[in-house]
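Here is the structure we will look at, set down as structure tokens.
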Amino acid sequence: MQTLAFFSYKGGSGRTSLIYNTIPFLVKKLGADEKHPIILVDMDLDSAGLSYILEADTKTRMTTNKLISSDNASMLSRLKADVKMNPKSLDELDFYNLLAPVGFQFGLSYKEANANKSVLFVPAQPKTTGAGFDMPNNKCIYDFLSICEATGCKAVIFDLPAGNQVTGRQALQRCDTVLVCFRITKQHRRGTIEFLEDNLDTDGQQKYILVPNAVPDCRKKVKVAGGLFNFESVKEDTISKLQKAFANKGLDGSQLVTSMFEGEWYGVPEVGRFKLEEDILYRIKENLHDGEQLLEDEELAYKAYDKVTDLIVGAANE
Ligand SMILES: Nc1ncnc2c1ncn2[C@@H]1O[C@H](COP(=O)(O)OP(=O)(O)OP(=O)(O)O)[C@@H](O)[C@H]1O
Ligand SMILES: [Mg+2]
């Protein structure tokens, strides 16, 4: 089972958009289905995003707030022991019906009746009243991951809060693969480099896939103070600083996956329509009528999401 954290040091970098645009590709490439689903968890309790887009009913379903609360710790602990003793699939647990099936929302095929259950969602229940969130019980996250693993889930994906917020920290540390999203502006790059410097997994197990996001068309010349914006030097400078950070920790840098930031790739390009409304390019493409096609920026981003998914799958197989 793959454990994935979508992280960004700064907010608004597009990590939530990256999640819901890569999910349909991941379902296909990991072969997720009703018996072996992908579990998606909105950990951004302070400032939920994914939960507004996927609109799961927080009254009848398991929410992240409940999942990580100490009230649930003994239930999860019992369940973990049970699935260890008596192997079963997730859909044989009562718990299963508390998870919201959301596969259709990603444009996964309506022909396959169970495609909807290939992605199961745990929404956050945003608290906008100022009451704040409960402190996460870290054991709950670990036990939940053990249950998912023992029952044959393909992957658990966490949409983390930005930066070093307490609600995301444990999930971030526990994941095998971290999608590091950032915009290419200075504060995003510097914050990301510094965060990774301070928080690199020194066991050398965790993989970090760099994903610059919403990148303006790098084929165009853009004037900035001091001349033209130098897309190439931003690339080289970021990668070399990150490699230095790995070397400073005695790591050889093989954990760092820079393919989205090399050669012809310059992360996920800016998509015009996303500046007005978030959407899922896979779903849009699946629903095009004859003769219709994606716009150029959308087609490029579609390919980038597909490529990110290859890197995710590749990171697990190395
Ligand atoms: N490739 C893109 N091109 C243009 N706009 C984008 C792109 N990806 C995301 N956006 C837009 O950027 C905004 C922020 O995206 P998103 O919510 O995914 O970021 P986030 O990092 O999850 O933010 P938060 O920190 O609030 O959770 C959204 O309005 C989204 O539509
Ligand atoms: Mg978000």
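The values are calculated or read from the model by the stated rules, or taken from the named source; none is laboratory data. Not measured: the values here are computed from a predicted model. Positions of Cβ are backbone-derived with ideal geometry, glycine not excepted, and every protein chain shown enters the neighbour counts.
Points to keep in mind about this one:
- Residue check: TYR52 meets all listed conditions (1) at pLDDT below 95; (2) within 9 Å of ligand 1 (Cβ to nearest atom) but one, namely (2).
- Matching residues, the range 264-297, being of a type in the set (Lys, Arg) and either within 14 Å of ligand 1 (Cβ to nearest atom) or touching a strand residue (DSSP E or B) at 6+ places or on another chain (Cβ under 8 Å) (or both): ARG273, LYS275
- In the range 282-294, the residue that is nearest to ALA5 (Cα to Cα) out of those that are free of Cβ contacts under 8 Å to residues at least 60 places away in the same chain and either acidic (Asp, Glu) or surrounded by 14 or more Cβ atoms within 10 Å (Cβ to Cβ) (or both) is LEU294.
- Pairs, first within 16 Å of ligand 1 (Cβ to nearest atom) in the range 140-166, second among the basic types (Lys, Arg) and part of a helix (DSSP H, G or I), C-beta under 9 Å, six or more apart: PHE158/ARG174; ASP159/ARG15; LEU160/ARG15; LEU160/ARG169; ALA162/ARG15
- Number of residues in the range 59-93 that are surrounded by 19 or more Cβ atoms within 10 Å (Cβ to Cβ) and either part of a loop (DSSP other than H, G, I, E, B) or in contact with a His (Cβ under 9 Å, 6 or more places away or on another chain) (or both): the value is 4.
- Some residue of the range 27-40 being surrounded by 22 or more Cβ atoms within 10 Å (Cβ to Cβ), assigned to a helix (DSSP H, G or I) and in contact with a Ser or Thr (Cβ under 9 Å, 6 or more places away or on another chain): yes
- SER254 meets the conditions (1) touching a Leu at 6+ places or on another chain (Cβ under 9 Å); (2) among the hydroxyl-bearing types (Ser, Thr, Tyr); (3) surrounded by fewer than 15 Cβ atoms within 10 Å (Cβ to Cβ) in every case but one. The failed one is (1).
- Among residues of the range 43-64 that are in contact (Cβ under 8 Å) with a residue 12 or more places away in the chain and over 22 Å from GLY14 (Cβ atoms), those with a beta-carbon under 7 Å from a residue that is away from ligand 2 (no atom under 15 Å from the Cβ) and assigned to a helix (DSSP H, G or I) at least six positions away or on a different chain give the pairs ARG61/LEU98; MET62/LEU98.
- Qualifying residues in the range 41-58 (those that are outside any helix (DSSP H, G or I) and farther than 24 Å from PHE195 by Cβ) - the one farthest from ligand 2 (Cβ to nearest atom): ASP57
- Test: ARG183 is crowded, with 18+ Cβ neighbours inside 10 Å, touching a residue at least 12 places away in the same chain (Cβ under 8 Å), within 22 Å of ILE53 (Cα to Cα) and of a type in the set (Lys, Arg): yes
- Pick from the range 1-16, criterion hydroxyl-bearing (Ser, Thr, Tyr) and out of contact with any Asp or Glu (no Cβ under 6 Å at 6 or more places or on another chain), ranking: surrounded by the fewest Cβ atoms within 10 Å (Cβ to Cβ): TYR9
- Residue identified as in contact with an Asp or Glu (Cβ under 8 Å, 6 or more places away or on another chain), acidic (Asp, Glu), within 27 Å of SER109 (Cβ to Cβ) and surrounded by 15 or more Cβ atoms within 10 Å (Cβ to Cβ) among ASP297, ASP306, ASP279: ASP297
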